[in-house]
Structures are given as C-alpha cells and as structure tokens.
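Reading through the structure tokens given below for one structure.
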Amino acid sequence: MSRRGGHIQRAFRWGALGLATVILVTAMAGDADARARRHRKAAPGYEPPYASIVVDGNSGTVIQATNADSPRHPASLTKMMTLYLLFERLEAGKIKLNSELPVSAHAASQAPSKLGLKPGETIQVETAIRAIVTKSANDVAVIIGEALGGDEPSFARMMTAKARALGMAQTTYRNASGLPDDAQITTARDQALLGRALQDRFPNYFHYFSTRAFAFRGRTVRGHNRLLGSVDGVDGIKTGYIHDSGFNIVTSVNRNKRHIVAAVFGGRTASARDARVRSLIESTIKVASTTRSVSPVAEGTAVAETKLPAKPPTPARDPREDATASAGPTLGSTEPIKPIAVKTVSVQAGTRMAALSTLPSDNRKLSATPATANGASVTTVATIKSDLPPPPPGAAPGILGVLPANEAKAVRGPQLASAGDKVPAPVVVAPPPTTTAGSHAAKARGGWMIQVGAFPDEHNAKERLSTAQTKAKEQLGRADPFTEKVAKGDKALYRARFAGLDKDQAESACKNLKRSEIPCMLLRN
C-alpha cells in the first residue's frame, strides 16, 4: 500500500507541476490583444468609440475620415512613438542594435503583455524592437523608456514633445507602453501622421514593423497583426487594445505604386477591427495617387490637405483676405522666395494658403472656398510652423511676416485681381523678419532651409552656424548661413538658419547634424 501510495503521490505532484507549467506558459504568451481575441464575441453592450482615417501617403490627401479628431486612448499604438525615439538614437549612433538594455524592477512589474524579464537581466536592442512590434511587450517598452529617458515619466515627456514637433497637436503621452491612463490621449489623425513619419524618417528601420514572429529563448513569439501576409501590400505597422478604446490599428499599404496609411479605433473585437480596416483599404487604395508629390513628414512643420467640391458656392469674403489669396508659388514648386524687403510673385488663380489652426476639426474643409476660372476642383493646403511668433495687434497676414494695419491697407486696392480672374495679379506681401549673417542677408538658391537652433544672444547663434557648417561641410559648405531675430513676448530670440538648399541637401544635412547631437529642423522657403 505504501509503495502504491508513493507512486500516486509522485504522479499527483508531476501532474500538478505540468499543469502549473501550462498555466505559466499561457500567461507569458498572452496579452490584452491576444486574450481578448480568444473571445470572438464581444461582451453584451460593449461599444468602444469608433474613429478612422485613411491618408494618401503619396499626396498627403485625406481620403476618408470619421471622428478623426475625436480624443481616443492610444493603447499599444503608444509604442510607435517609443520606437520613433529609439530609432532616432540608433540613427545618431548613440546606441547600437546589439547594445544591452538593463531590466529594472519597475519594468519587470508591468502588466501583460510582457516577455517576463526579471530585474537585473538585459535584453538586446534589436530583440527589444521585435518584442515591441510583435508581442507588444509592456515590460520591454518601459526598458526602452528608462534607457533613453532615465525614468518612464521623463521619457513620456520626451514622447509628448516629439509628438508636438511632428504636428500631433492632440496627443499626450503618460507612459511608454500604452497601459491605461486617463490623461494619455490621441486621435486617429495624429496616429496616421505618426505612421507616415516613421516611414519617411526611418526607412532603414521601418521594416521591423513587418515582423510576424521571432525567436526568444527557445520559443517562437508571434505577432498580433493578422493583416500582414493576408492583405496584399500591407507592410506594417501596429495594433493595440485597452477596454476604453477597443481594438485599434495603424496600418500601411504599398500596392501598385500607391501608398495609404489607415488608422482605426474602436473595434469591438480584433476580427471586427481587421474587417473594417480591410474594407477601408480596398475602398480607398483605388483612388490613391501613384506619384509622390507631398514632402516627407518633418519635425517643425505640419501639413494638412483636403479635396474641395468641384463647383462649390461662393461664400461671402472678407476683403482683407485678398492680400493673401495668392500667397505663394504653385504647390510643388521649388522656386526660391528670396528674403528681401518686398517680394512680388505671380501665382496661378485659385491657390490659397491658410493657417492649420483655422481648419475645421472633422471634414477639414475651409470656410472660404476659392473660385477658379473654369469651376474645376482645387486642392487647398494648410501649413503651420511650430515656432512662428504671434502677430502684433492690428497686423494683417502676409507670406513671410506681417504688415502693420495701415501698411496692409495701403497694398490692397484695384491692382489686386480676384481669385477668379483669368490673369493672376501680382501680390505685394509683407517683408520677412530681419536677417543677418555677418554684414549681409542670406540668399536663397534652393527651396529649402534648415534651422539648427534658437538663442537669446546673436553671438551664440553665429557660433552654432559655424559649428554646424563644420559638422556638415559637404551639404552646408555652399549654403547661406544667417540669423533671424524674432520677438518672444518681451524678449528676442535669434534663429540660426541655413538657406539655399534643395530638399535632399537639407535632409542629408539634418541627418549628419543629428548624429553630432545638433538639433536640426527642415523648413520650406
């Protein structure tokens, strides 16, 4: 009896140990998205708020939008920004793919989804990237945040600052992972913009978002993005889920020279979310552009574009708008705007510029629609630069600056033709801010320039110009350095800038400067 009893006890112990092992493996393999996926039917009454947007990656046009500017919780889409900051550090050479990142107790304590790393262990950067894009590991996201920011709250502030620089005005981050936080919010429009920025900014690293599985410590970790490999052209990028926002996704599609980026929030289940984004892809990819015409998403400038109806009614106009009705060269032109006191340009009728902040939040249509000679539809582009100073009281808008009210009034008159005239009239626009570079003003040979800093002292700005030109001599050796004085309240700042660049030179210069930890921002003249 005792021998039989011993066998029974040992068998029981092994059975219990096996059951515990199964439970442990299941817990490590699961995450919020995967666990909820197992429950194909959503809980009765569960209706997370829906939002979606589809943007043409070649033209920047918004093809479809529903609640695109309504606040939503980003969930694991947060990790897209976590990786954006990591890619920046990799590109600058400050960290390497084989660098080891330490695991803290705080990181190890994160809720699933997680790899289950323990305090004191390390993980390679490249493994961390794959764990983020496939398993959406929360512990790994915190590991990255602590390595780059010192601690997670500081890293979250870095994430928010980067969002603002990219033009994601409605996004605030509170953690590196996307775990629930009432103050962590975004919009579908902002997340689509981030998806585009990741591709434009990091073509050498974006391929990680197409990872479907990877090996980790003897086991295969599979991803949650079921569109990869099942929808033609899908090459990333990220899924997410928390209860308050439902099942979310940002996805990129490259098909037959067409490129779209779609964001969907509020799926009741993962399957419902995937079905919705599949439908959006198939209904919008056919009308997407086959030619790249929009500039890469860059920090410091946000661009929004929308299609207007073919024959809209002509609303009442404010006469003051005539001074800026043709404020700029034709869209896509690289013709330079030279920083002289007064500049006269001729543009095609119907072109209009407006501040991004004046666009309505949902349909992105301007309240005042320009007319054209033949009634054809036009495209309206709105551009805002994040560091422009507010205009003084009584000022009227201009291309490169503002005119005092009395001077602005003087330039308006019968010599200005309406937007519907067949022959466009010249428009006298305001002078730019005062610029100096030693004893001469900067010359603009190309359509782009870069800013490498802003300082309260002009001497410091000139020193930065000299340093930057040394670090990126190949691109900036023949560029025109200049300082630009701008008012910030009762104080003045001197921007350090280089003019006379084409787009490739500007992008290459910024890339080199950022490797040397010199901030750089692309600007179109």
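The values are calculated or read from the model by the stated rules, or taken from the named source; none is laboratory data. This is a predicted model, so every value here is computed, not measured. Glycine gets a Cβ as well: all are built from the backbone with ideal geometry, and neighbour counts include every protein chain shown.
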> Are there any pairs with C-beta distances below 7 angstrom linking a residue in segment 133-162 that is closer than 15 Å to Pro119 by Cα and in the same structural domain as Ile249 (by TED's automatic domain parsing) to a residue that is assigned to a helix (DSSP H, G or I) and among the hydroxyl-bearing types (Ser, Thr, Tyr), with the two at least 6 apart or on different chains, and if so which?
Replying inline: Ala141/Thr82; Ile144/Thr82
> So, of the residues in segment 213-251 that are closer than 16 Å to Ala270 by Cβ and among the polar types (S, T, N, Q), which turns out to be surrounded by the fewest Cβ atoms within 10 Å (Cβ to Cβ)?
Replying inline: Ser230
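Quick grid of which residues meet (1) surrounded by 24 or more Cβ atoms within 10 Å (Cβ to Cβ); (2) part of a helix (DSSP H, G or I); (3) out of contact with any Ser or Thr (no Cβ under 7 Å at 6 or more places or on another chain):
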{"site": "Ala163", "(1), (2), (3)": "no, yes, no"}
{"site": "Arg174", "(1), (2), (3)": "no, no, yes"}
{"site": "Ser177", "(1), (2), (3)": "yes, no, no"}
{"site": "Arg189", "(1), (2), (3)": "yes, yes, yes"}
{"site": "Pro203", "(1), (2), (3)": "no, no, yes"}
{"site": "Tyr208", "(1), (2), (3)": "no, yes, yes"}
>> Contact list please: Cβ distance under 6 Å, first residue in segment 210-225 and free of Cβ contacts under 8 Å to residues at least 12 places away in the same chain, second residue assigned to a strand (DSSP E or B), pairs at least six apart or on different chains.
In response: Thr220/Ala213
> Would a scan of segment 184-201 turn up a residue that is acidic (Asp, Glu), assigned by TED's automatic domain parsing to the domain that holds Lys257 and in contact (Cβ under 8 Å) with a residue 40 or more places away in the chain?
Replying inline: yes
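Can you name every residue in segment 261-277 that is more than 24 Å from Pro71 (Cβ to Cβ) and in contact (Cβ under 8 Å) with a residue 40 or more places away in the chain?
Ser271
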>> If a residue counts only when it is of a type in the set (Val, Ile, Thr), which strands (runs of 3 or more DSSP E) contained entirely in segment 218-291 have at least 3 such residues?
In response: 234-242, 246-255, 258-267
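Going by the structure shown, is Ser136 over 21 Å from the mean Cα position of the chain (by Cα) and either buried (at least 21 other Cβ atoms within 10 Å of the Cβ) or closer than 30 Å to Leu227 by Cβ (or both)? So that I can check it myself, show each step before the final result.
On the way: over 21 Å from the mean Cα position of the chain (by Cα): no; either buried (at least 21 other Cβ atoms within 10 Å of the Cβ) or closer than 30 Å to Leu227 by Cβ (or both): yes.
So Ser136 does not fit the description; no.
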>> If Gly300 satisfies all but one of (1) more than 15 Å from Ala51 (Cα to Cα); (2) touching a strand residue (DSSP E or B) at 6+ places or on another chain (Cβ under 7 Å); (3) buried (at least 21 other Cβ atoms within 10 Å of the Cβ), what's the number of the condition it fails?
In response: (3)
> What is the one condition in (1) more than 28 Å from the chain's Cα centre (by Cα); (2) assigned by TED's automatic domain parsing to the domain that holds Cys510; (3) over 21 Å from Arg524 (Cα atoms); (4) at pLDDT below 85 that Gly420 does not satisfy?
Replying inline: (2)
> Taking segment 89-113, which residues are under 26 Å from the mean Cα position of the chain (by Cα) and surrounded by fewer than 19 Cβ atoms within 10 Å (Cβ to Cβ)?
Replying inline: Arg89, Glu91, Ala92, Gly93, Lys94, Ile95, Lys96, Leu97
> Which of the residues that make up segment 443-490 are touching a Pro at 6+ places or on another chain (Cβ under 7 Å), among the charged types (D, E, K, R) and outside any loop (DSSP other than H, G, I, E, B)?
Replying inline: Glu484, Lys485, Lys488
> Can we say Ala107 is of a type in the set (Gly, Ala, Ser) and not in a loop (DSSP other than H, G, I, E, B)?
Replying inline: yes
